Amino acid sequence: MFQKNVSLKAYNTFGIDVIAEKFAEVSSADSLASLLSVNKDVIILSGGSNILLTKDLSRPVVLINNKGIKIIEKTGDHVLVRAEAGENWHEFVMWCLKKDFGGLENLSLIPGNVGTSPMQNIGAYGVEIKDRFVSLEAMEIKTGKILSFSKEQCAFGYRESIFKNELKGQYVILSVTFKLSVKNHAIVDGYGAIKEQLRKDGVKNPTIQNISDAVIKIRQSKLPDPKDIGNSGSFFKNPVISEEHFKQIQSDFPDMPFYRISEELVKVPAGWLVETSGFKGKRYGDAGVHKKQALVLVNYDKATGSEVLEVARKIQNTVKTNFNIALEMEVNIL
Ligand code: EPU
């Protein structure tokens, strides 16, 4: 059932070359259940777009690769679409656009697979998957049972869900169901970068396809393509600080960008904190910080996971010293 000593380089978007002593790919719930019945202490791998591998793995690695997209209900205005966990996220978004199903276009070009999208409630340009999410099915590793989770049960937050917290390591997501629009699409174009791109493209009344095209252009202009330069998107979460703390920093840096969350809380862009701390474009051997987006750590070629992690720690220490802010990693370290 398991292959021995498989390189995981092709299975993580950072392109880190570590070895899995045992590796299996499963493409159905049944084969996953039979594998789990004899191996419970497994590492589940999906699109590999949110992990940093720092060592060879002796625990068995299981790649989830079940495919399929199904329309499960259609009403006048909406459609429920279920996608299996192993579907590539961007290809799924493109499938929706082809059918003229609206709702996920702002999430175009995000690396990874459908199955891991709820794990950290992926989001970009004003939309998070929780906004379009209906339910998911997941297998409990301990029992092999398949359970359905509603939106409330997933306890979504900013880059958070119950699967990263209380239920961490306990379930394998098998499929996700989304509610999408079939007409009267709600266009989300309030994000500054989208407005600017639509203006450049000469688009006045954007369609969902125009939004997707704009998002793809924006992402391509500042985020490195993992096929060219290994990376895992934003490495840190944007921190939320108190109003008082924010005012202190703002008095030294009046131009600092920020998003107000409430009267007492302010979210500040981690990318700005990292850039202002002098790390943008810095390279340490083959590990480094992307030159166009300081929130993205990169593997230029043969960096090890530990080398990337060392850069991350250096950044955390400097940002803590400079701003008294503890940056939290968005990426899972293995
Ligand atoms: N900024 C800098 N320097 C940088 C990068 C950013 O000063 O090197 C400033 C920008 O000028 C801007 C602000 O920081 O004022 C925000 O930057 P940007 O719009 O690029 O977004 P972000 O906060 O860095 C977040 C998400 C991205 C998502 C974009 C768009 C997080 C951790 N990241 O990035 O998500 O695509 O917004 O919605 O929330 C991901 O999670 O992997 C990811 C790519």
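The table below lists the values:
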read-out	value
Test: residue in the range 204-218 that is buried (at least 21 other Cβ atoms within 10 Å of the Cβ), in contact with a Pro (Cβ under 6 Å, 6 or more places away or on another chain) and under 23 Å from Val296 (Cβ atoms)	no
Residue that is farthest from Leu52 (Cα to Cα) [pool: residues in the range 268-289 that are in a loop (DSSP other than H, G, I, E, B) and in contact with a Lys or Arg (Cβ under 6 Å, 6 or more places away or on another chain)]	Gly281
Failed item in (1) at pLDDT below 95; (2) within 16 Å of the ligand (Cβ to nearest atom), with Leu198 passing the rest	(1)
Residue, farthest from Tyr171 (Cα to Cα), within the range 61-72, restricted to residues that are surrounded by 14 or more Cβ atoms within 10 Å (Cβ to Cβ) and of a type in the set (Val, Ile, Thr)	Ile69
Members of the range 159-176 found to be over 15 Å from the mean Cα position of the chain (by Cα) and assigned to a loop (DSSP other than H, G, I, E, B), listed by number	Asn165, Glu166, Leu167, Lys168, Gly169, Gln170
Qualifying residue in the range 85-93 (condition: outside the structural domain of Leu309 (by TED's automatic domain parsing) and over 30 Å from Asn299 (Cα atoms))	no
Residue in the range 128-139 that is within 12 Å of the ligand (Cβ to nearest atom) and either in the same structural domain as Ala10 (by TED's automatic domain parsing) or not hydrophobic (A, V, I, L, M, F, W, C) (or both) present	yes
Unique residue being under 15 Å from Phe14 (Cβ atoms), within 16 Å of the ligand (Cβ to nearest atom), outside any helix (DSSP H, G or I) and in contact with a helix residue (DSSP H, G or I) (Cβ under 7 Å, 6 or more places away or on another chain) when the list is Leu327, Leu297	Leu297
Glu84, sole failed condition from (1) in contact with a Gly (Cβ under 6 Å, 6 or more places away or on another chain); (2) closer than 30 Å to Arg313 by Cα	(2)
The listed residue being polar (S, T, N, Q), farther than 22 Å from Pro118 by Cα, at pLDDT 95 or above and more than 16 Å from the ligand (Cβ to nearest atom), out of Ser181, Ser251	Ser251
Residue in the range 258-283 that is farthest from the ligand (Cβ to nearest atom), counting only those that are exposed (fewer than 15 other Cβ atoms within 10 Å of the Cβ) and not acidic (Asp, Glu)	Ser262
Residue list for the range 138-158, filter: under 19 Å from the mean Cα position of the chain (by Cα) and surrounded by 19 or more Cβ atoms within 10 Å (Cβ to Cβ)	Ala138, Cys154, Phe156
Failed item in (1) touching a strand residue (DSSP E or B) at 6+ places or on another chain (Cβ under 6 Å); (2) surrounded by fewer than 21 Cβ atoms within 10 Å (Cβ to Cβ), with Met94 passing the rest	(1)
Residue match in the range 76-95 (condition: polar (S, T, N, Q) and modelled with pLDDT under 95)	no
Residues located in the range 190-208, provided they are touching a helix residue (DSSP H, G or I) at 6+ places or on another chain (Cβ under 6 Å) and not aliphatic (A, V, I, L, M)	Gln197, Pro206
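Here's the yes/no breakdown for (1) in contact (Cβ under 8 Å) with a residue 60 or more places away in the chain; (2) surrounded by fewer than 19 Cβ atoms within 10 Å (Cβ to Cβ); (3) over 20 Å from the mean Cα position of the chain (by Cα):
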position: Val38; (1), (2), (3): no, yes, yes
position: Asp56; (1), (2), (3): no, yes, yes
position: Lys74; (1), (2), (3): yes, yes, yes
position: Glu84; (1), (2), (3): yes, no, no
position: Leu104; (1), (2), (3): yes, no, no
position: Gln120; (1), (2), (3): yes, no, no
position: Glu128; (1), (2), (3): no, no, no
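The values are calculated or read from the model by the stated rules, or taken from the named source; none is laboratory data. Every value quoted in this text rests on a predicted model; they were computed, and no experiment measured them. Positions of Cβ are backbone-derived with ideal geometry, glycine not excepted, and every protein chain shown enters the neighbour counts.
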